[in-house]
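Colleague: Before anything else, here's the structure in question.
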Amino acid sequence: MAYRVINRRRHVGLQQLSSFAQTGRSFLGPVKATKFITDAECHESVLISSTLRLLEGLDLTCAVGHLLNEAVQAQNDTYRIGTSTLLFLAGAWSRAVEDCLHLGIPTAVIVSVMSEGLNSCIEAAVSLQVPIHNVFDHMDNTSTVYKLETVDVSLCPFLQVPSGSGLLEEKHDFKDATSQLLSTYSLSGTHAKSPKFFKPQTKVETEKSTSQALKNNLYTDSFCRKLALTHSRHFNRTYNSHWINRPDGFLEQLGSTPKILRCNDLGELAVGLSHGDHSSMTLAKAAVKLQWQTVCLQQANWMAPFVFDISRLLTCCLPGLPETLSRVCLGYVTSVTMSSITLIKELQDQPFRVILIEGDLTESYRHLGFNKSINIKTKLDSRELSEDSAEELWTNCVLQVLIQFNVTLILVQGSVSEHLTEKCMHSKRLVIGSVNGSVLQAFAEATRAVPVAYVTQVNEDCVGSGVSVTFWMSPHDVNRSNRIAVLLTAEGLNLITAVLTSPASAQMEAKEDRFWSCVYRLYHALKEEKVFLGGGAVEFLCLSHLQSLAEQSLNKGNHACLGWLPDSSSWMASSLSIYRPTVLKCLADGWHEFLSAVMCNTATHPSAVEARSFVQQHVQNAVNSGSPSSYILSEYSKLSSGLVDSCISDNLELVPRVYDTVTPKTEAWRRALDLVLLVLQTDSEIITGLVHTEMNSQELDGVLFL
C-alpha cells in the first residue's frame with residue numbers, strides 16, 4: 001500500500017488521488033505483481049491482480065475516492081479493460097498538475113492546455129492504427145497457429161511484451177468441423193514458463209516456407225495510417241521523413257515496394273493482444289474460433305460477416321482442480337450438488353424436457369412491478385396456515401404441473417426453494433438455479449421453450465425438449481465446494497462455456513478476471529476492426545508528440561499551435577502563450593512515468609532512473625527525426641531486418657507484433673484526465689466566511705484547499 005503525507009498547504013484532493021493511484025502501479029504491463037487483500041473481520045484473503053478488485057478492497061470513503069471509483073467503474077462497465085491505465089495515468093497527471101500549480105500556472109490554463117494536448121495526442125495516434133481484415137477467411141482450410149512461448153524482445157523504446165513465439169502450421173479441413181465441435185479446446189500441456197528476467201528459453205524450428213511467408217507477410221511495415229489535417233494551418237507541418245502521404249490516407253515509404261501494414265490472422269491478433277497472459281488468451285481465442293464454427297454450421301448459406309457474440313460466452317470456475325483441466329467447450333457447464341450424482345447417472349442417456357423460469361422459484365416470489373389487486377376475494381388466506389403448510393401446498397402444486405407436462409429439467413434464473421429441490425430429486429427431476437439470462441435465451445432458441453415467470457403459466461407450448469445432461473468430469477473428481485460439474489447440450493445450442501480450474505481457491509477470482517480481459521481485448525479489436533501497435537508504441541508517440549509541440553511553442557512563440565480559439569480574452573491568450581510549453585511538458589511526464597513503470601515491472605531496467613533515461617534518449621531521437629510516427633515504424637521494421645538482440649532466436653522473423661485496443665485505451669486516457677481536472681477545479685473552490693478566523697497560524701501561512 002502506498003503511503004503519502006498530505007500537505008495541507010497544497011491541493012489535498014490531487015494528493016489523495018496520487019496516493020490511491022500508487023497502489024495499482026504493479027498492475028501495469030505484461031508482468032503484473034499480484035496483491036493479497038485480507039478481510040479484517042473474517043480474516044479471509046483473496047489474491048488480486050486487477051484495479052477493479054483493488055478498489056473493492058480499499059477504503060474509499062473520501063470524496064476523491066468516490067470519484068476515482070466511479071471513473072474506474074464506468075470504464076469497466078463499458079469496456080471491461082483499461083482500468084489499470086486509467087488508475088496510473090490519473091495519479092501521474094495529478095502529480096503533473098501539482099507541479100504546474102507549484103509553478104504558479106493558473107487553473108484555467110492548465111485545464112485548457114492539457115485538454116487540447118490530449119486531443120492532439122489521440123489524433124496523432126491514428127497513425128499507429130493497424131486495420132484488421134478477414135481474420136476468419138482462412139480458418140476453413142489452412143491456418144497458421146501461433147504457439148506462445150516466452151522470449152525476450154529488446155526492441156526499444158517499444159516495450160514488446162515478453163511473449164515471443166513459435167509458429168506451427170496445422171491444416172484444418174472445414175469438412176471436419178462437425179467432429180471438431182464434438183471435442184473441446186483445452187490448454188496444452190506446456191504452459192508459458194515463468195520468465196527469469198526474460199532470458200530466451202527456447203528456439204522454435206519451422207519449415208523454411210513458413211519462415212519466408214512470415215518474413216514477407218507479418219512484418220511489411222512500409223505503410224501506416226496517418227491523420228492528414230490539411231484543413232488546419234496548425235497541424236499542416238512538413239517533416240523531414242522518408243514517408244509520403246497517399247490519397248487513401250496511408251503512408252508510403254520512398255524507394256520501397258508498396259506494402260500495407262495490416263493484421264489478417266486470428267492467431268497473430270490473439271498473440272499480439274495476449275499481453276503476457278498466454279494461457280487465458282489461448283482459451284479466449286479457442287472460444288472465438290468455436291463460436292465461429294458453430295455459427296457457420298448452423299447458418300451454412302448465410303453470407304453476412306461473423307460477429308463475435310460475447311453474451312453467449314460463460315465461465316464456470318472450479319477451484320481445487322489442476323489448471324490443466326481448464327478448457328473451452330460447446331454447451332452449458334455448471335456445478336450441481338453431490339446429491340444430484342445418482343439422478344444424473346440414471347437420466348444422462350435420456351433426453352430431458354425442460355422449462356425455463358425467469359425469476360425465483362420460491363413460494364414468496366412475485367415479479368417486479370407486481371401489485372396485489374384489491375378486487376380479488378380470497379376464499380383461503382395462506383396467512384391462516386402455518387409457514388410450513390404454505391410452503392408444502394405450493395410445492396405440491398408445482399410438482400403437479402411438472403408431472404402433468406413430464407418436465408424433467410428446470411432451469412431457473414434466480415434462487416430455488418430447497419424444499420422443492422428435494423421433492424423434485426425424489427421424483428427424478430433436476431433443478432438448476434442461478435442460471436444466466438443469456439443461457440435461458442440460448443436454450444429457448446435451441447429447444448423452442450418459452451420462458452415464464454411462474455410455474456403456473458406453463459403449458460405444452462412452453463416446454464422444450466432435446467436437452468442432454470452428462471458429467472463434464474468424472475463423478476469422483478469433486479472440487480473444494482463439494483460440487484460436481486455437469487454439461488448441458490442441445491442441438492443448435494449456441495452457447496460456449498470456458499471452464500476455469502485452479503488448485504488454489506484464492507487464485508480463482510484473479511484467473512477469471514484475466515480471462516475476461518483477454519476476451520474483451522479480442523472482442524473490441526474484432527468489433528472495431530483495428531488495433532494500435534502496442535508494446536508502448538502509442539504512449540511513446542504521445543510523449544514524443546507533446547515534446548515536439550512544446551518545443552515548437554517555445555521556439556516559435558506560436559500561441560495558436562494547438563488551435564486555440566481566437567476570441568479568447570487577452571489575458572487568457574497571453575497566459576497560454578507563456579505557460580503552454582510548461583503544461584505540455586508536465587502532461588508528457590505522465591506518459592514518461594507510464595513507460596518507465598512498465599519497463600521496471602517487466603525487469604528490462606533495474607531502476608526507474610535508468611528507465612527514464614532510456615525513454616528520454618529515444619524521445620529525443622524521435623523528435624529530432626521530425627516525425628515520431630515514422631521513427632516508431634522504422635524501429636518496428638527492424639524486427640524483420642534483424643536489428644534486435646542476437647540472443648533471442650535464430651528465427652527473428654517469428655517474433656510477433658504486440659497490439660492494443662483502440663477505443664478502450666483512448667477512453668481510459670480521457671477518463672483519467674477528466675478525473676484529474678475535475679478534482680483540480682473542485683479543489684480550487686475556497687471556503688469563505690467566518691470559518692477562516694478559526695484557522696491556526698500554521699494553516700494561514702499558505703492556502704487551504706478543499
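Colleague: Averaged per residue, what accessible surface does the stretch 46-89 expose to a 1.4 Å probe, in Å²?
Modeller: Per-residue accessible area for the stretch 46-89 comes out at 37 Å².
Colleague: Please find the FRET efficiency linking GLN298 to GLN350, where r is the Cβ-Cβ separation and R0 is fixed at 25 Å, and quote it to the nearest 0.05.
Modeller: 0.50
Colleague: Could you order the peptides 55-66, 316-327 from most to least packed, using the average number of other C-beta atoms within 10 Å per residue?
Modeller: The packing order, highest mean first, is 316-327, 55-66.
Colleague: For GLU418 paired with ASP59, estimate the spin-label separation in nm (one decimal), with each label point 7 Å from Cα along the Cα-to-Cβ line.
Modeller: 3.6
Colleague: Shape verdict for the stretch 39-80, please, from the Cα gyration tensor: rounded (a/c under 1.5), prolate (a/b greater than b/c) or oblate.
Modeller: Because a/c hits 1.5 or more and a/b fails to exceed b/c, the stretch 39-80 counts as oblate.
Colleague: Is there a quick way to get the dipole size of the stretch 440-543? I mean about its Cα centre, with the Cβ of Lys and Arg at +1 and of Asp and Glu at -1; what is the value in debye to the nearest 20?
Modeller: Roughly 280 debye for the stretch 440-543.
Colleague: Moving on. Report the gain in length on full extension from GLU70 to SER607: 0.36 nm times residue separation, minus Cα-Cα distance, nm rounded to one decimal.
Modeller: Values: separation 537, 0.36 × 537 = 193.32 nm, distance 3.29 nm.
Gain on stretching GLU70 to SER607: 190.0 nm.
Colleague: Taking square-rooted eigenvalues a ≥ b ≥ c of the alpha carbon gyration tensor, is the stretch 412-555 rounded, prolate or oblate, where a/c under 1.5 means rounded and, failing that, a/b exceeding b/c means prolate?
Modeller: prolate
Colleague: First compute the accessible area of the stretch 430-490 with a 1.4 Å probe, then give the percent of it belonging to carbon and sulfur atoms.
Modeller: The C+S portion of the solvent-accessible surface of the stretch 430-490 is 42 percent.
Colleague: Can you tell me the accessible area per residue over the stretch 472-554, all protein chains present, probe 1.4 angstrom, in square angstrom? Show your work: numbers first, answer last.
Modeller: On the way: 2630 Å² over 83 residues.
Per-residue value: 32 Å².
Colleague: Probe radius 1.4 Å, ligands and nucleic acids left out: which of GLU491, GLU593, GLU610, GLU116 has the largest accessible area, and how do the rest follow?
Modeller: Working: GLU491 170, GLU593 40, GLU610 95, GLU116 65 Å².
From most exposed to least exposed: GLU491, GLU610, GLU116, GLU593.
Colleague: Also: Arrange the peptides 517-523, 270-276 so that the one whose residues have, on average, the most other Cβ atoms within 10 Å appears first.
Modeller: Descending mean neighbour count gives 270-276, 517-523.
Colleague: Given a 1.4 Å probe, how much area per residue of the stretch 263-342 is accessible, in Å²?
Modeller: Numbers: 2720 Å² over 80 residues.
Per residue, the stretch 263-342 has an accessible area of 34 Å².
Colleague: At a Förster radius of 56 Å, what calculated FRET efficiency corresponds to the Cβ-Cβ distance of ASN494 and SER115, to the nearest 0.05?
Modeller: 0.80
Colleague: Which whole-number percent is the relative contact order of the stretch 1-106 (Cα, under 8 Å, 6+ apart)?
Modeller: The value is 31 percent.
Colleague: Go through 598-605, 613-620, 82-89 and give me the packing order, highest mean Cβ count within 10 Å leading.
Modeller: Averaged packing, sorted descending, gives the order 82-89, 598-605, 613-620.
Colleague: Could you calculate the FRET efficiency of ASN396 with SER438 from 1/(1 + (r/R0)^6), where r is the beta carbon distance between them and R0 is 35 Å, rounded to 0.05? Please report the intermediate quantities before stating the final value.
Modeller: Values: r = 32 Å, r/R0 = 0.93.
The pair ASN396/SER438 has a calculated efficiency of 0.60.
The values are calculated or read from the model by the stated rules, or taken from the named source; none is laboratory data. Computed from a predicted structure; not experimentally measured. Note that each Cβ is placed from the backbone with ideal geometry, even for glycine, and that neighbours are counted across all protein chains shown. Only protein heavy atoms, including side chains, enter the accessible area calculation; ligands, DNA and RNA are left aside. Shrake-Rupley method; radii C 1.70, N 1.55, O 1.52, S 1.80 Å.
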